[in-house]
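The values are calculated or read from the model by the stated rules, or taken from the named source; none is laboratory data. Nothing here was measured: the structure is a model prediction, and the numbers come from that model. FYI the Cβ positions are ideal-geometry reconstructions off the backbone, even for glycines, and counts take in every protein chain you see.
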Amino acid sequence: MRRRNLFWLLLGACVLVALLVLALMPSEKMLGQIIKIVYLHGALSRAGMLGFAAAGVVAGVYLIHPRPATIRWALALLLSGWGFWVAHFLVSMPATRLTWGPWIAWGEPRVTMTLHIAAAGLVVMGVSALVKEPKFTAVAIALLALAIAVMAVRTGVLRHPLDPIGTSPSTTLRAFYLALLLPVIASMFLIACRLAAGKLNPEMAQ
């Protein structure tokens with residue numbers, strides 16, 4: 001009970017900090033207040049990517065030194081990262097609508113990549129739940145993380161800026177983005193920690 005209360009307290013604190021940063025974030029010359037949605041979209045995207053990468057690393061550790069807790073962490077990080085990845089896509093929809101017109105920019109390679117990653121993550125989690133074999137799950141997660149890394153590097157852009165935040169001339173906006181990114185990433189890891197502590201897929205840990 002104490003751990004559960006601590007989890008909700010820390011998660012609530014992260015959410016409040018993120019909301020406060022968004023509220024205080026200044027508008028941008030071209031996008032105005034829409035910049036807040038764009039930066040939230042970017043923070044959720046990076047948190048999701050970090051979750052996938054961490055899941056792949058932990059899965060690799062399991063293959064070297066198999067332990068039930070390790071595969072639970074790999075699954076927890078995968079699920080949490082996937083959730084934040086899907087959230088980043090949902091948040092991107094109003095930003096796309098307000099800046100480009102459509103809700104989803106179907107012709108944009110990064111959008112296609114986002115949907116492919118979401119679908120692949122769902123398949124890996126679903127098949128792993130059916131197979132219930134830790135080594136299979138670890139290999140699948142590691143390969144998924146590797147594939148995502150390759151896709152992220154090789155996928156080009158049309159209208160979507162590759163790194164609009166990192167290349168922004170505004171030091172203030174970059175600082176606000178970093179202040180937003182930290183609680184978002186912390187939330188992703190807190191949720192993964194909670195999932196791992198809850199013995200996610202206990203049958204696989206036997």
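Restricting the stretch 22-35 to residues that are over 19 Å from the mean Cα position of the chain (by Cα) and at pLDDT 90 or above leaves a set whose member that is surrounded by the fewest Cβ atoms within 10 Å (Cβ to Cβ) is A23.
Among residues of the stretch 96-117 that are farther than 16 Å from A149 by Cβ, those with a Cβ under 6 angstrom from a residue that is part of a helix (DSSP H, G or I) and at pLDDT below 85, sequence gap 6+ or separate chain, pair up as L98/I34; W103/R97; A105/T96. The listed residues are W73, W106, W85, and the only one of them that is among the hydrophobic types (A, V, I, L, M, F, W, C) and modelled with pLDDT under 95 turns out to be W106. Within the stretch 118-129, the set of residues being in contact (Cβ under 8 Å) with a residue 60 or more places away in the chain and in contact with a Phe, Trp or Tyr (Cβ under 9 Å, 6 or more places away or on another chain) comprises G121, S128. Restricting the stretch 92-112 to residues that are touching a helix residue (DSSP H, G or I) at 6+ places or on another chain (Cβ under 8 Å) and either farther than 20 Å from Y39 by Cβ or among the charged types (D, E, K, R) (or both), the residue that is surrounded by the most Cβ atoms within 10 Å (Cβ to Cβ) is P102. You will find that of M151, M204, the residue that is surrounded by 13 or more Cβ atoms within 10 Å (Cβ to Cβ), assigned to a helix (DSSP H, G or I), modelled with pLDDT under 95 and touching a Pro at 6+ places or on another chain (Cβ under 6 Å) is M204 and no other. Within the span defined as the stretch 62-70, one or more residues are buried (at least 23 other Cβ atoms within 10 Å of the Cβ) and more than 17 Å from A152 (Cβ to Cβ).
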